[in-house]
Amino acid sequence: MSVFWEPCADGARVLRVLGDTPCPAVPAAVEGRPVTEIGPYCFADKPVKDGARHSGDDTHELTGSFIEEVTLPDTVRIIHSAAFYNCRRLRRVTLGPGVESLGSDLFTNCRCLQAFCLRAAPDAPTGLKKLLGAVSADITAEFDGAKLFYPEYSEFLDENTPAHIFNHSIEGEGYRMRQCFTAGGAVDYPAFDASFAQACVGESEAKLCRLALGRLVLPFALNDDARTDYEFYVTAHPGAAFALAIDARDEAALRLLVGLGLPTSDAAAYCSRAGWSAGAAILLGRAKRTKKTYDFDDL
């Protein structure tokens with residue numbers, strides 16, 4: 001792994017990463033300087049500017065649709081504009097808690113982006129709020145001990161033609177959830193959980209099950225009332241909950257659903273059709289006689 005880079009005020013700014021893997025890990029230091037910045041268009045298909053320094057012997061630039069996952073060091077504080085522009089297969093970005101500044105158009109056309117993974121405790125201050133502000137699509141935030149799903153939201157500008165006034169409208173509970181942070185930058189878990197009731201009004205069954213299972217499987221700072229709300233929802237929607245766990249090959253979520261006493265015979269059949277033998281064994285081992293059924297074919 002090697003990089004094009006240039007000096008910056010407090011270390012090195014990486015301009016391009018080179019190597020042969022679609023899942024690169026940016027080094028924490030270059031020639032004795034800590035890597036504190038990811039430069040503009042770093043992973044985008046755009047020429048590196050003249051005068052950039054090159055470390056190492058790699059020649060294959062890791063950019064665009066070749067990129068699937070990126071790991072940034074804890075030393076990174078700034079990610080410049082369009083750093084991941086047009087990385088259409090990018091699924092996951094792993095980084096430390098210290099990101100302080102983000103440029104614009106950071107994840108434009110990153111249609112496969114699924115998760116931000118923070119190397120931080122669940123209650124630690126991080127740059128997650130800024131990262132979430134750069135993505136309006138469905139996204140999951142993973143901490144060392146917590147997993148939060150943020151649904152998609154949409155923004156609109158409606159023009160009042162006679163007065164030439166634009167009204168800014170936002171649709172989707174995902175926007176409100178993205179505001180659930182303390183003044184210090186840590187996740188406000190009670191506020192996040194309190195938004196679930198309103199989310200139930202407009203979000204889909206699959207998204208709500210994803211949100212609920214994330215909180216139940218890793219229940220950091222989950223109070224009894226919120227736990228009851230999440231458990232009530234997945235119990236009322238067992239087909240969607242089991243399908244989500246099975247499709248994701250998530251044994252922890254599957255065991256949690258079994259532990260809630262949900263009927264497992266239909267889920268076991270779906271699991272077998274999906275070709276997940278380990279999941280089917282969990283379900284068949286705890287199968288109970290019940291008259292309750294739900295149709296996975298409708299999901």
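Assess whether Asp193 counts as being assigned to a helix (DSSP H, G or I), of a type in the set (Asp, Glu) and either more than 28 Å from Gly127 (Cα to Cα) or over 19 Å from the mean Cα position of the chain (by Cα) (or both).
Judged against the criteria, Asp193 is not a match.
Restricting to region 32-65, name every residue that is farther than 24 Å from Ser101 by Cα and either part of a loop (DSSP other than H, G, I, E, B) or in contact with a helix residue (DSSP H, G or I) (Cβ under 6 Å, 6 or more places away or on another chain) (or both).
To start, the set of residues in region 32-65 that are farther than 24 Å from Ser101 by Cα comprises 50-51, 54-61, 65.
Listed by number, the residues that qualify are Asp50, Gly51, Gly56, Asp57, Asp58, Thr59, His60.
Against the conditions (1) modelled with pLDDT of 95 or more; (2) buried (at least 17 other Cβ atoms within 10 Å of the Cβ), where does Ala206 fall short? Just the number, please.
(2)
Please report, ordered by residue number, the strands (runs of 3 or more DSSP E) entirely within region 97-150 with at least 1 residues that are acidic (Asp, Glu).
Numbers: elements: 115-118, 139-143, 146-150.
In region 97-150, the matching strands (runs of 3 or more DSSP E) lie at 139-143.
Of a type in the set (A, V, I, L, M), closer than 17 Å to Ala134 by Cα, surrounded by 16 or more Cβ atoms within 10 Å (Cβ to Cβ) and in contact with a strand residue (DSSP E or B) (Cβ under 8 Å, 6 or more places away or on another chain): is that true of Leu18 in this structure?
no
I need the full set of residues from region 44-81 which are β-branched (Val, Ile, Thr), under 21 Å from Glu142 (Cβ atoms) and surrounded by fewer than 17 Cβ atoms within 10 Å (Cβ to Cβ), in order please. Lay out the reasoning, then the answer.
Start the filter on region 44-81 by keeping residues that are β-branched (Val, Ile, Thr), which leaves 48, 59, 63, 67, 70-71, 75-76, 78-79.
Next cut, under 21 Å from Glu142 (Cβ atoms) only: 67, 70-71, 75-76, 79.
Within region 44-81, Thr71 is the sole residue that qualifies.
Among the residues of region 233-249, are any small (Gly, Ala, Ser), touching a residue at least 12 places away in the same chain (Cβ under 8 Å), more than 21 Å from Glu173 (Cα to Cα) and crowded, with 23+ Cβ neighbours inside 10 Å?
Checked region 233-249: at least one residue is small (Gly, Ala, Ser), touching a residue at least 12 places away in the same chain (Cβ under 8 Å), more than 21 Å from Glu173 (Cα to Cα) and crowded, with 23+ Cβ neighbours inside 10 Å.
Please state which of the following conditions Gly261 fails to meet, knowing it meets all the rest: (1) closer than 22 Å to Leu218 by Cα; (2) modelled with pLDDT under 90.
(2)
Take the conditions part of a strand (DSSP E or B), in contact with a Leu (Cβ under 7 Å, 6 or more places away or on another chain), buried (at least 19 other Cβ atoms within 10 Å of the Cβ) and not acidic (Asp, Glu) and apply them to Phe84. Does it pass?
Criteria not met by Phe84.
So Cys112 clears everything in (1) surrounded by 15 or more Cβ atoms within 10 Å (Cβ to Cβ); (2) within 29 Å of Leu62 (Cβ to Cβ); (3) touching an Asp or Glu at 6+ places or on another chain (Cβ under 9 Å) except one condition, right? Which one?
Here Cys112 meets the rest and fails (1).
The values are calculated or read from the model by the stated rules, or taken from the named source; none is laboratory data. For clarity, every value in this text was computed on a predicted model and none was experimentally measured. Backbone-built Cβ (ideal geometry, glycine too); neighbour counts: all protein chains shown.
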